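Have a look at this one.
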């Protein structure tokens, strides 16, 4: 089996906790051979851990991309959101037509204007690009989508989802909100773009494209997000309606959590949270079943999909075009709140079929 040589741009927390474990699990398919970080000391720590020499370390990603001797097959871009488009566009330009591949963290760009440009990068530079939206690769979302598509609980009537993140508390711990760029974001909507985007991608993965939405928000005086709560009513093109709430400034103090609940004519599907490990189905006739799944499988699945795409056996599931729809949903939520109106979302279907 051919190993693909990988160059990492950004060796921070997301690489350590999310991408690197997945690369380890797929060590028969990927080999990290170059590292780039503006903080050279961080890169040196990783170089020692990966047994890489000093000639494999870079502080400027442009130099790494230009270094022919590396002969990289894949570039994995793990930088703050405001840099996603800038770095990806430059990488695509430098690797154009070389049968290389690019992985970019979600969202594909900080603004919708840049996201529109990002949609065409793969075609413009003739190389594959995958957006690392792990919620579209998570096992639980794949299972729930199949349950919905096969009418396991009959015709779907509606859903509710409640997502709670205690950002003010987590920013004081060794967690992602502790990062300065997340506390004072240089991209619109802050934590709503950074975190709620995942849940919305998951909902779109399950139910497909959105016809229109109406949203309300509770303003807050905090840099990390303009609203402590957003409440969104959505109508999907399939006819399914639902309600999504994102609360990023407090706790859900009682269990079981509200989670994701999908109601059908013959029963309901319930997922308490993504790390629950079990999807519950309750039927109207009184019986129930539990479906186990592997938690946090999305990072592994996305790298496996990308490997298979580069070696010719699959198509990339989460392309810039698909991720554009996820970011547009966030943008439309903010627009609906600010303009106090119903906003159309997907004029063209950008839903990925896997």
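The values are calculated or read from the model by the stated rules, or taken from the named source; none is laboratory data. Since the model is a prediction, treat every value here as computed from it, not as a measurement. Cβ placement follows ideal geometry from the backbone for every residue including glycine, while neighbour counts extend to all protein chains displayed.
Output yes when any residue across region 129-146 is under 25 Å from residue 238 (Cβ atoms), outside the structural domain of residue 10 (by TED's automatic domain parsing), assigned to a loop (DSSP other than H, G, I, E, B) and out of contact with any helix residue (DSSP H, G or I) (no Cβ under 7 Å at 6 or more places or on another chain), and no when none is.
No, region 129-146 contains no residue that is under 25 Å from residue 238 (Cβ atoms), outside the structural domain of residue 10 (by TED's automatic domain parsing), assigned to a loop (DSSP other than H, G, I, E, B) and out of contact with any helix residue (DSSP H, G or I) (no Cβ under 7 Å at 6 or more places or on another chain).
Okay, next question. Considering only region 31-50, state which residues are assigned to a loop (DSSP other than H, G, I, E, B) and touching a helix residue (DSSP H, G or I) at 6+ places or on another chain (Cβ under 7 Å).
37
Another question, if that's okay. Let me confirm something: among 225, 201, 215, which residue is touching a residue at least 24 places away in the same chain (Cβ under 8 Å), in a helix (DSSP H, G or I) and either buried (at least 20 other Cβ atoms within 10 Å of the Cβ) or on the phi > 0 side of the Ramachandran plot (or both)?
201
Next question. Among (1) touching a helix residue (DSSP H, G or I) at 6+ places or on another chain (Cβ under 6 Å); (2) over 30 Å from residue 146 (Cβ atoms), there is one condition residue 198 misses while meeting the rest; what is its number?
(2)
Restricting the search to region 27-65, which residues are farther than 27 Å from residue 305 by Cβ and exposed (fewer than 12 other Cβ atoms within 10 Å of the Cβ)?
Those that are farther than 27 Å from residue 305 by Cβ and exposed (fewer than 12 other Cβ atoms within 10 Å of the Cβ): 41, 48, 51, 53, 54, 55, 60, 63.
For region 128-180, give me each residue that is free of Cβ contacts under 8 Å to residues at least 24 places away in the same chain and closer than 20 Å to residue 298 by Cα.
Selection gives 146, 175.
On the basis of being on the phi < 0 side of the Ramachandran plot, assigned by TED's automatic domain parsing to the domain that holds residue 275, in contact (Cβ under 8 Å) with a residue 40 or more places away in the chain and buried (at least 19 other Cβ atoms within 10 Å of the Cβ), does residue 183 make the cut?
When the stated conditions are applied, residue 183 does not pass them.
List the strands (runs of 3 or more DSSP E) that sit entirely inside region 249-354 and contain at least 3 residues that are surrounded by 14 or more Cβ atoms within 10 Å (Cβ to Cβ), touching a strand residue (DSSP E or B) at 6+ places or on another chain (Cβ under 9 Å) and modelled with pLDDT of 95 or more.
Answer list for region 249-354: 260-264, 267-271, 278-283.
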